[in-house]
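The values are calculated or read from the model by the stated rules, or taken from the named source; none is laboratory data. Just so we're clear, the structure is a prediction, and the values are computed from it rather than from any experiment. Methodologically, a virtual Cβ is constructed for each residue, glycine included, from the backbone with ideal geometry; neighbour enumeration extends over all protein chains shown. When the accessible area is computed, the model is the full protein with side chains, heavy atoms only, and any ligands, DNA or RNA have been set aside. Shrake-Rupley method; radii C 1.70, N 1.55, O 1.52, S 1.80 Å.
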Amino acid sequence: MFTGIVEELGEVVRLTGAESDSAIIAVRGPLVTSDARHGDSIAVNGVCLTVIDNEDGVFTADVMGETLRRSSLGALAVGSQVNLERAAALNSRLGGHLVQGHVDGVARIIAREPADQWEVVRFSLPSGLAKYVVEKGSITVDGVSLTVMEVDADSFAVGMIPATSKLTVLGSKAIGDQVNLEVDVIAKYVEKMLGSRNV
């Protein structure tokens with residue numbers, strides 16, 4: 001479980017097998033690896049990965065085919081910057097919202113509109129996800145917890161403050177670039193419970 005508060009920008013130093021049904025990714029992240037052990041979870045652009053090795057500030061993780069198909073990790077390359085967050089500790093503040101690190105879909109940036117001291121960024125909304133996205137609700141974009149400003153059938157917009165632009169990969173992404181989306185898991189549970197009622 002994560003909170004969507006990015007701890008550091010990491011760098012991909014190795015990615016092998018991404019064109020097949022599994023891959024191995026190695027990411028440099030001195031902060032998130034400072035206390036990482038084998039089996040720990042680290043979110044990479046919002047994707048929960050399990051640490052299999054950690055040495056000299058670089059951790060390695062396996063990425064299965066399902067993850068490559070449902071996320072943008074397969075599009076990364078050596079040198080790509082990525083958002084990193086360690087799993088949340090139960091004794092810490094929940095700065096964002098409850099994030100599982102399970103990607104629901106891949107979207108693209110379709111517009112960036114500068115405003116005074118902030119920016120409005122609009123993303124495409126994959127088919128089937130619009131029902132889980134609500135105005136003023138939470139959504140995770142590349143592992144970043146954001147508040148939805150507006151939503152329609154096939155897109156949504158968020159307001160991005162300068163700190164978010166500076167401290168995450170979202171600040172350097174261009175129109176057309178891919179991002180990982182995770183909708184609020186509570187909405188999915190509510191849908192399932194209501195759908196199972198006999199009314």
Which of the residues spanning the stretch 161-176 are open to solvent by less than 60 Å² (accessible area, probe 1.4 Å) and under 15 Å from the mean Cα position of the chain (by Cα)? Thr164, Ser165, Thr168, Val169, Leu170, Gly171, Lys173
Only listed residue being touching a helix residue (DSSP H, G or I) at 6+ places or on another chain (Cβ under 7 Å) and among the aliphatic types (A, V, I, L, M), chosen from Val32, Val63: Val63
Glu66 vs. criteria surrounded by fewer than 17 Cβ atoms within 10 Å (Cβ to Cβ) and either of a type outside the set (Ser, Thr, Tyr) or assigned to a strand (DSSP E or B) (or both): yes
Here the qualifying pairs (Cβ atoms under 8 Å; residues six or more apart or on different chains; first in the stretch 62-82 and touching a residue at least 24 places away in the same chain (Cβ under 8 Å); second open to solvent by 50 Å² or more (accessible area, probe 1.4 Å) and assigned to a helix (DSSP H, G or I)) come out as Gln81/Ser172
Taking the residues in the stretch 26-50 that are assigned to a strand (DSSP E or B) and over 16 Å from the mean Cα position of the chain (by Cα) as candidates, determine which candidate is nearest to Leu68 (Cα to Cα). Ala26
Within the stretch 98-118, restricting attention to residues that are free of Cβ contacts under 8 Å to residues at least 60 places away in the same chain and assigned to a strand (DSSP E or B), which residue is least open to solvent (accessible area, probe 1.4 Å)? Ala115
Do we have any residue at all in the stretch 119-140 that's within 29 Å of Gly29 (Cβ to Cβ), open to solvent by 60 Å² or more (accessible area, probe 1.4 Å) and at pLDDT below 95? no
